[in-house]
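The values are calculated or read from the model by the stated rules, or taken from the named source; none is laboratory data. Quantities reported herein were computed from a predicted structural model and do not represent experimental measurements. Cβ placement follows ideal geometry from the backbone for every residue including glycine, while neighbour counts extend to all protein chains displayed. With ligands, DNA and RNA removed, areas are computed over all heavy atoms of the protein, side chains included. Shrake-Rupley method; radii C 1.70, N 1.55, O 1.52, S 1.80 Å.
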Amino acid sequence: MTVHAATAGPDDHAPLISSRFICMLTVVAVSMAALTATISLAGRWYGENLALAGHTTSTEPTDILIGQDHLRFSANVIRFEQQRETGRAERVDLYLTWPGMQGYTDETRALFNDVSQPGALLFLDISQSTMSRDMSGRIEPIYQHLFSGKLLPGPAGLVRHEMKQNSGYGEEVFFTANRDGGTPYAVRCMMPATPAFSTSADCQRDIHIGRDLVVLYRFSSQLLPQWQAIDTAVEAFLNKSLIP
């Protein structure tokens, strides 16, 4: 979605954004929130039911083709047993230890089966992209018009944005940060009342990789101070998994 800046007029007091435009942005945001609601709830379910996952310690390479992209993962990083097959797929779900970025092994078994350690795992959902912009790219044209204007400092240089009541995001909040020489960072979170209620899917961020893939990755709000390291590690892992 591309938003063009309005040409400056002689009336300095004219509204910069029309009511119709605000309504349109709200409709788009509400639709996006509805589309991701199920994914967000599913992520929380994953975090609370890890012991039922059907893990494997196999490191056999699995080649998966999604759209125009070819990915190769070891079987033990693929979340669901039915996805551990070479061939074309609509999506693939991964889980990785943090900060080791490893799959399920005898050594990491406790991390995958212990829900009392929500900061121990990252979840990644990979599918063909349906949007021209990832979460960072949507800050300016969409999200900034839905922020309430209330800014609070967040961990590790992040800025916390509360959402307008009619934004469609409920009690979710956004964290953003400027990055030198790159696009801004953005992540949306459902913050727990206390750290004890944190899950492995409190926060989610989507990025584009490859030719036409979107990766939605989730992590615990306990890991927000490590947002830069997580983003760098996720991108590096995925770029290594892309087959030219």
Taking the range 155-176 as the region of interest, how many residues are touching a helix residue (DSSP H, G or I) at 6+ places or on another chain (Cβ under 9 Å) and either in a loop (DSSP other than H, G, I, E, B) or surrounded by 16 or more Cβ atoms within 10 Å (Cβ to Cβ) (or both)? 13
Have a look at Thr38, Thr26, Thr7 and point out the one that is more than 22 Å from Val214 (Cα to Cα), at pLDDT below 95, β-branched (Val, Ile, Thr) and assigned to a helix (DSSP H, G or I). Thr26
Any residue that is aliphatic (A, V, I, L, M) and surrounded by fewer than 16 Cβ atoms within 10 Å (Cβ to Cβ) - is there at least one of those in the range 106-116? yes
Working only within the range 81-99, note down all residues that are surrounded by 12 or more Cβ atoms within 10 Å (Cβ to Cβ) and either of a type in the set (Ser, Thr, Tyr) or more than 19 Å from the chain's Cα centre (by Cα) (or both). Glu81, Gln83, Arg84, Glu85, Thr86, Ala89, Tyr95, Thr97
Boolean, Thr57 is at pLDDT 95 or above, assigned to a loop (DSSP other than H, G, I, E, B) and open to solvent by 30 Å² or more (accessible area, probe 1.4 Å): yes
Go through (1) in a strand (DSSP E or B); (2) within 15 Å of the chain's Cα centre (by Cα) one by one and return the number of the condition Ser148 breaks. (2)
In the range 187-244, how many are outside any strand (DSSP E or B), under 19 Å from Val159 (Cα atoms), open to solvent by less than 20 Å² (accessible area, probe 1.4 Å) and not hydroxyl-bearing (Ser, Thr, Tyr)? 6
Would you please list the contacts, defined by Cβ atoms under 6 Å and residues six or more apart or on different chains, that run from a residue in the range 140-161 that is without any contact (Cβ under 8 Å) to a residue 24 or more places away in the chain to a residue that is of a type in the set (Asp, Glu) and not in a loop (DSSP other than H, G, I, E, B)? Ser148/Glu162; Lys150/Glu162
Note on the range 75-109: residues of a type outside the set (Val, Ile, Thr), in a strand (DSSP E or B) and touching a strand residue (DSSP E or B) at 6+ places or on another chain (Cβ under 6 Å) are Arg88, Arg91, Asp93, Leu94, Tyr95, Leu96
Report, by residue number, each residue of the range 110-145 that is in contact with a strand residue (DSSP E or B) (Cβ under 6 Å, 6 or more places away or on another chain), farther than 23 Å from Gly170 by Cβ and in a loop (DSSP other than H, G, I, E, B). Ser129
